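Derivation of every value follows stated rules applied to the coordinates shown; laboratory data play no part. Nothing here was measured: the structure is a model prediction, and the numbers come from that model. No Cβ is skipped: glycine too gets one built from the backbone with ideal geometry, and neighbour counts run over all protein chains shown.
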Amino acid sequence: MKILFFAHLKDVCGSTEMTLNCDHLNVDGLWGKLIEAHPGLEKFRSSVRIARNWEYVGPEAEFKDSDEIAFIPPVSGG
């Protein structure tokens, strides 16, 4: 699956995207894999929204290798 990172998350990961080959992961499993690779993501877990294939998903979502996943931190306007 292709995973996209935005704003400060890309700084934590050192990239705007990464590829992960793990079919049938749930949200907790995906977070676990990402935190294992990039421990700095842990502190953002509670505030980040996840989108699968351009649609926001909840904690019950499951992912497959063909998905595009976006990790979107809160945004502020001004």
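Values for this structure:
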quantity	calculated
Vicinal HN-Hα couplings computed from phi for region 64-74 (Karplus, 6.51 cos²θ - 1.76 cosθ + 1.60; Hz; Gly/Pro x)	10, 4, 7, 7, 10, 10, 10, 9, 10, x, x
Computed label-point distance, nm, for sites Ile35 and Thr16 using a 7 Å Cα→Cβ extension	2.8
Projected label distance in nm at Glu68 and Asp28, using a 7 Å step from Cα toward the beta-carbon	3.0
Placed amide H near Phe6: partners under 5 Å, 5+ positions off or other chain	Phe71
Farthest positive-ward along the chain dipole, Cα basis, beta-carbon charges - from Gly58, Leu20, Leu9	Leu9
Residue-by-residue Karplus 3J(HN,Hα) for region 2-13, coefficients 6.51, -1.76, 1.60, Hz, glycine and proline x	9, 10, 10, 10, 10, 6, 5, 5, 5, 5, 5, 8
Hydrodynamic radius (Kirkwood) for region 2-72, which is based on Cα pairs only, to one decimal in Å	12.0
